[in-house]
Amino acid sequence: MRKSTLTAAVAAAVLGAEPLQAQNLEEVLVTATRRATTTQDVPYNISAYSGDLLEKREITTLGEFVRQVPGLSFNDVGIREAGNNSTLVMRGLSAEPGNGAGEIPNLARPSVSTYVGETPVYYNLRLTDIDRVEVLRGPQGTLYGAGSLGGTLRIMPNKPDPAAMDGSIRTSVSTTEDAGDPNYDFDAMFNVPLGERAALRVSGGHFHQAGFVDAVALGLRDANGAFLLEDPDDFVGSGPDRSGRKKDSNEGSITHLRTSLLWNVTDDVEALLTYHYQEGDTDNYQAESFGLDRTLSLHGTNPFESDMNLGTLEVTANLGFATLTSSSSYYERDTETQVDASGIYEDAFAFFYFYYPRISTISEYNASDETFVQELRLASNSEGPLQWILGAFYLDQEMAFQTIQEMPGFEDWFDASGLASYFGIPVPITSPPDLVYGQDRTTKFTEAALFGELSYQLTDAWQVTGGVRIFEQEIDNDDTSILPACYIINEVGFGAGFYCGDPPLGGSSNTSKDTVDDVVFKANTSYELNDDTNVYLTWSQGFRNGGVNALPEVGFIDETLGGEFPDINSFDADKVDNYEVGIKGFLANRSVRYSLAAYYIEWQDPQARITGFNSGIDGVSNASADAESRGLELEIDGVIGERLSYSLGYAYTKAEFVEDGELYTASISKGMRLPGHSEHMAAGSLVYTVPLAGNTLDLGVDAVYRSDYENGLPGSPAEFTLDSYTTWNASASYEMPDWTFRLFAKNLTDENTAVSAANLNFQSGRFVISRPRTLGIRVNYRFN
């Protein structure tokens, strides 16, 4: 992170509570505008959180970070939040049901775009060796493209430094309430100069997270996965033996590595090659069943694995009149999940399987994402009043998703019960046996765009900026689903296989394609009232591409129902217009920093994930009613004397539909609240610095508050109101030149907070919950 001559080497983040030894606040340089500048000079609402602040607050996950940012929300499902779907919500712009991040990739782009360095990618990266995290509020469509309706989150890792060798080693041990084992982590960073113009930086580590959710009423299974009998003497009529139990079932781990090579080819050319790798796994949901305390009652556990490989090459060249930046990246993201869907099948589909008394459905989900991104930018370097940025962007993405659902033991039971011979259906029915459902979906997406911004300094204090992005997108979706057991039983037994779909295995195959081109704009002006005060006015647009679903159109899983439902095999782009006014600056001889913004957003054709009424297959649809969001965002941080620093943030958001309509099968009424956002959110912190034996002791406390919010739209299967909550954290850090010793407490009062709810209408209904009180100690060692 480069600092201007007016800032110190260690910066204080907006909303940060770093121990400050001087009366004046310091600044973090950011590159959100594609130029290096301070947060106070950016003419819209932006916050920056330094890596030092993240470390001192013990913020190591995306969920922990989001809770510190009023107005930004996130469905934190723990390690299971691994990249399939972003659940970030900013300024209330979401119509999504809040039922967890989901194992099935969402075809709609997220409403908050996420970047790792210069790469647009969403993944729950471990936040270690980070320079800063930037939060850009409001639509960022001109510079950041699709998916930036509510704003943009940028995670900026530290770069290699050719100036000197240095490194660090960190480790921590902690205990979590209701967990039988400790949590622990270890990570290290090494920065090695390779001559005067190059350097190598390597960071990585391993994190083990102890489980605290006990799994109960687990079905005991045989070697083939079928449930054991509750009554061993009654193979045909016995229910399952659900006496199984697993303590601390949601334990998991993360392993991560980042390697960066920096080469200053000349004084004017810099090349940065980076490789990121992260893998994570967990054995079960971070959830509890309705009415149970940190206990989950399902037929089985639900193991999860994910990994991401990301390679980037960034080249910057000073051409004199302008700086040319090339960012090339390629990533592969994979997830493997096993979900026990026995309860849902037992509740909803028992009829189709002759009320088999030991319905045991295991779903295997496999998702992959392979994406190449290239961006070129040319930013002017002139000293005059005119500044400009021109750029070109290209993205090529291919996502695949496969599902296999088996019902172990069904065919043996079907044969033993006499039903097979009665209906004349040979056993085994399917190959492999007990196969009840399969899905294979491939989605290809390409985008090409040209963008630019032009700024003109009318006076020393007054500037105006205009921006535009022209883009073309193409999406192809091939989706095949099969219902082999259903089809064969009905075709052979009743001559009605068509009821389950097309021959030879039932289900449906559908291919859809769509192309869209559009343009979005931005206009901004700001005026410096004095050296410490800046006011601004912005109109900006954001968008998400439309697409195709390829949902079934035959058999009882037909999602068209003769035209009764809307055209669910395509969905339109949605777009927002944001009107924003704000003021930011310093007070009290620069010992207080503040930012205040008010906004109004119009949202046309809101997109949201839907689940097929008959097929149960996920897709995307548009609401026929438009929505709006209006709110207020306030941030204050400062110092009192030389020892006390503080921060306060508050966000008021009111997001609702402005007319009657529908979203697939859910009815919408004017004034209906959008799900996933709270009307009031606040965060605050205090840090008191005490000199001790020639070093410093930092005593810190912080709290976050979130008012109640809707889990899903009223009338939808996800309808539920989640309660408000307040969470307290505390820490004590002893800072020495080379060592840091830190005691920390997260969720100090041990609030058992429901973050979201899932499967509300089934016996597998559950709350996703926050992590209980965690007490720990961390030791950091730095060397050079």
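Sort out which residues of region 230-244 are within 14 Å of residue 356 (Cα to Cα) and under 38 Å from the mean Cα position of the chain (by Cα), and write them in order of number.
Of everything in region 230-244, just one residue is within 14 Å of residue 356 (Cα to Cα) and under 38 Å from the mean Cα position of the chain (by Cα), namely 240.
Name the residues in region 611-621 that are in contact with an Asp or Glu (Cβ under 9 Å, 6 or more places away or on another chain), surrounded by fewer than 24 Cβ atoms within 10 Å (Cβ to Cβ) and assigned to a strand (DSSP E or B), would you?
Listed by number, the list holds a single entry, 611.
Checking the conditions here, which among 513, 522 is in a strand (DSSP E or B) and either aliphatic (A, V, I, L, M) or within 30 Å of residue 593 (Cα to Cα) (or both)?
Working: 513 fails: either aliphatic (A, V, I, L, M) or within 30 Å of residue 593 (Cα to Cα) (or both).
Of the residues listed, the single one that is in a strand (DSSP E or B) and either aliphatic (A, V, I, L, M) or within 30 Å of residue 593 (Cα to Cα) (or both) is 522.
Take region 129-165 and flag every residue that is out of contact with any Pro (no Cβ under 7 Å at 6 or more places or on another chain) and of a type in the set (Val, Ile, Thr).
133, 135, 142, 152, 155
Check residue 97 against each of (1) modelled with pLDDT of 85 or more; (2) surrounded by 24 or more Cβ atoms within 10 Å (Cβ to Cβ) and name the one condition it does not meet.
If we test residue 97 against (1) modelled with pLDDT of 85 or more; (2) surrounded by 24 or more Cβ atoms within 10 Å (Cβ to Cβ), just (1) comes out false.
Please work out which one of (1) assigned to a loop (DSSP other than H, G, I, E, B); (2) more than 26 Å from the chain's Cα centre (by Cα); (3) crowded, with 16+ Cβ neighbours inside 10 Å is the condition residue 718 fails and give its number.
Just one mismatch for residue 718, condition (2).
Picking from 385, 408, 433, which residue would you name as being more than 16 Å from residue 479 (Cα to Cα), surrounded by fewer than 16 Cβ atoms within 10 Å (Cβ to Cβ) and at pLDDT 90 or above?
Numbers: 408 fails: surrounded by fewer than 16 Cβ atoms within 10 Å (Cβ to Cβ); 433 fails: surrounded by fewer than 16 Cβ atoms within 10 Å (Cβ to Cβ).
Just a single option satisfies the conditions, and that option is 385.
For residue 379, work out the one condition from (1) within 30 Å of residue 306 (Cβ to Cβ); (2) open to solvent by less than 40 Å² (accessible area, probe 1.4 Å); (3) in contact (Cβ under 8 Å) with a residue 60 or more places away in the chain; (4) not acidic (Asp, Glu) it doesn't fulfil.
Looking at each condition in turn, residue 379 falls short on (1).
For region 224-273: of the residues being part of a strand (DSSP E or B) and among the charged types (D, E, K, R), which is surrounded by the most Cβ atoms within 10 Å (Cβ to Cβ)? It would help to see each step written out before you state the result.
Pass one, region 224-273, residues part of a strand (DSSP E or B): 227, 229, 240, 244-246, 252-264, 269-273.
Those still in the list that are among the charged types (D, E, K, R) too: 245-246, 258, 270.
Numbers: 245: 12, 246: 18, 258: 24, 270: 18.
Among those residues, the one meeting the criterion is 258.
When residues of region 665-715 are filtered for being free of Cβ contacts under 8 Å to residues at least 24 places away in the same chain and assigned to a strand (DSSP E or B), how many remain?
Looking only at that region, the number is 1.
Select, from 135, 116, the only residue that is at pLDDT 90 or above, under 19 Å from residue 59 (Cα atoms) and more than 13 Å from the chain's Cα centre (by Cα).
Result: 135 is the single residue among 135, 116 that is at pLDDT 90 or above, under 19 Å from residue 59 (Cα atoms) and more than 13 Å from the chain's Cα centre (by Cα).
Restricting attention to region 413-427, report how many residues are crowded, with 17+ Cβ neighbours inside 10 Å and not aliphatic (A, V, I, L, M).
Selection size over region 413-427: 2.
Among the residues of region 303-320, is any over 21 Å from residue 117 (Cα atoms), open to solvent by less than 30 Å² (accessible area, probe 1.4 Å) and in contact with a helix residue (DSSP H, G or I) (Cβ under 7 Å, 6 or more places away or on another chain)?
Yes: region 303-320 contains one or more residues that are over 21 Å from residue 117 (Cα atoms), open to solvent by less than 30 Å² (accessible area, probe 1.4 Å) and in contact with a helix residue (DSSP H, G or I) (Cβ under 7 Å, 6 or more places away or on another chain).
Only one of 295, 337 is polar (S, T, N, Q), more than 30 Å from residue 271 (Cβ to Cβ) and either more than 28 Å from the chain's Cα centre (by Cα) or modelled with pLDDT of 95 or more (or both). Can you tell me which?
295
For region 274-287, which positions are touching a Leu at 6+ places or on another chain (Cβ under 9 Å) and either on the phi > 0 side of the Ramachandran plot or assigned to a strand (DSSP E or B) (or both)?
274, 275, 276, 277, 278, 287
Any idea which residue in region 698-714 is nearest to residue 56 (Cα to Cα), counting only those that are open to solvent by less than 40 Å² (accessible area, probe 1.4 Å) and of a type outside the set (D, E, K, R)? It would help to see each step written out before you state the result.
As a first pass, look at region 698-714 and keep what is open to solvent by less than 40 Å² (accessible area, probe 1.4 Å): 698, 700, 702-704, 706-707, 709-713.
Pick out the ones that are also of a type outside the set (D, E, K, R) and you get 700, 703-704, 707, 709, 711-713.
Values: 700: 9, 703: 15, 704: 17, 707: 27, 709: 30, 711: 32, 712: 35, 713: 38 Å.
Among those that are open to solvent by less than 40 Å² (accessible area, probe 1.4 Å) and of a type outside the set (D, E, K, R), it is 700.
Is there any pair with a first residue in region 405-431 that is among the hydroxyl-bearing types (Ser, Thr, Tyr) and a second that is in a loop (DSSP other than H, G, I, E, B) and surrounded by fewer than 16 Cβ atoms within 10 Å (Cβ to Cβ) whose Cβ atoms are under 8 Å apart and which are 6 or more apart or on different chains, and what are they?
Within 8 Å, the pairs are 417/236; 417/354.
For region 140-149, which positions are open to solvent by less than 10 Å² (accessible area, probe 1.4 Å) and in a loop (DSSP other than H, G, I, E, B)?
145, 147, 148, 149
Do you know which residues across region 574-593 are open to solvent by 40 Å² or more (accessible area, probe 1.4 Å) and either on the phi < 0 side of the Ramachandran plot or assigned to a strand (DSSP E or B) (or both)?
575, 579, 581, 583, 587
Can you name every residue in region 166-201 that is part of a strand (DSSP E or B) and in contact with a Pro (Cβ under 9 Å, 6 or more places away or on another chain)?
Scanning region 166-201 gives 173, 174, 175, 176, 191, 192, 193, 198, 199, 200, 201.
Only one of these is within 24 Å of the chain's Cα centre (by Cα) and buried (at least 17 other Cβ atoms within 10 Å of the Cβ): 685, 678, 647. Name it. Break it down stepwise before answering.
On the way: 685 fails: within 24 Å of the chain's Cα centre (by Cα); 647 fails: within 24 Å of the chain's Cα centre (by Cα).
Checking each option against the conditions leaves just 678.
I want to confirm something. Restricting to region 31-57 and keeping residues that are closer than 13 Å to residue 584 by Cβ and among the hydrophobic types (A, V, I, L, M, F, W, C), which single residue is modelled with the lowest pLDDT?
Only one residue fits best here, namely 42.
Could you tell me whether region 158-165 includes any residue that is among the acidic types (Asp, Glu) and open to solvent by 50 Å² or more (accessible area, probe 1.4 Å)?
Yes, some residue in region 158-165 is among the acidic types (Asp, Glu) and open to solvent by 50 Å² or more (accessible area, probe 1.4 Å).
Only residues that are closer than 30 Å to residue 294 by Cβ and open to solvent by 20 Å² or more (accessible area, probe 1.4 Å): list them for region 181-215, please.
181, 182, 184, 186, 206, 207, 208, 209, 214
Here's the yes/no breakdown for (1) aliphatic (A, V, I, L, M); (2) open to solvent by 10 Å² or more (accessible area, probe 1.4 Å); (3) within 22 Å of residue 91 (Cβ to Cβ); (4) in contact (Cβ under 8 Å) with a residue 24 or more places away in the chain:
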site	(1), (2), (3), (4)
531	no, yes, no, no
534	no, yes, yes, yes
542	no, no, yes, yes
550	yes, no, no, yes
555	no, yes, no, yes
563	no, yes, no, no
570	no, yes, no, yes
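Could you check, for region 466-484, whether at least one of its residues is farther than 30 Å from residue 381 by Cβ, outside any strand (DSSP E or B) and open to solvent by less than 30 Å² (accessible area, probe 1.4 Å)?
Within region 466-484 (the criterion being farther than 30 Å from residue 381 by Cβ, outside any strand (DSSP E or B) and open to solvent by less than 30 Å² (accessible area, probe 1.4 Å)), the answer is yes, since at least one residue qualifies.
Run residue 218 past the list (1) open to solvent by 20 Å² or more (accessible area, probe 1.4 Å); (2) modelled with pLDDT of 95 or more and report the number of the one that doesn't hold.
Going through the list (1) open to solvent by 20 Å² or more (accessible area, probe 1.4 Å); (2) modelled with pLDDT of 95 or more, residue 218 breaks only (2).
For residues that are more than 15 Å from residue 27 (Cα to Cα), touching a residue at least 60 places away in the same chain (Cβ under 8 Å), in a strand (DSSP E or B) and of a type in the set (D, E, K, R), tally how many sit in region 630-647.
Result for region 630-647: 1.
Of everything in region 388-397 that's surrounded by 15 or more Cβ atoms within 10 Å (Cβ to Cβ) and under 16 Å from residue 448 (Cβ atoms), which residue is nearest to the chain's Cα centre (by Cα)?
Per the criteria, the residue is 397.
The values are calculated or read from the model by the stated rules, or taken from the named source; none is laboratory data. This one's a predicted model, so the numbers in the text were calculated from it and none came from an experiment. Neighbour counts run over all protein chains shown; Cβ positions are idealised from the backbone, glycine included. In case anyone asks, the SASA skips ligands and DNA or RNA and just uses the protein heavy atoms, side chains included. Shrake-Rupley method; radii C 1.70, N 1.55, O 1.52, S 1.80 Å.
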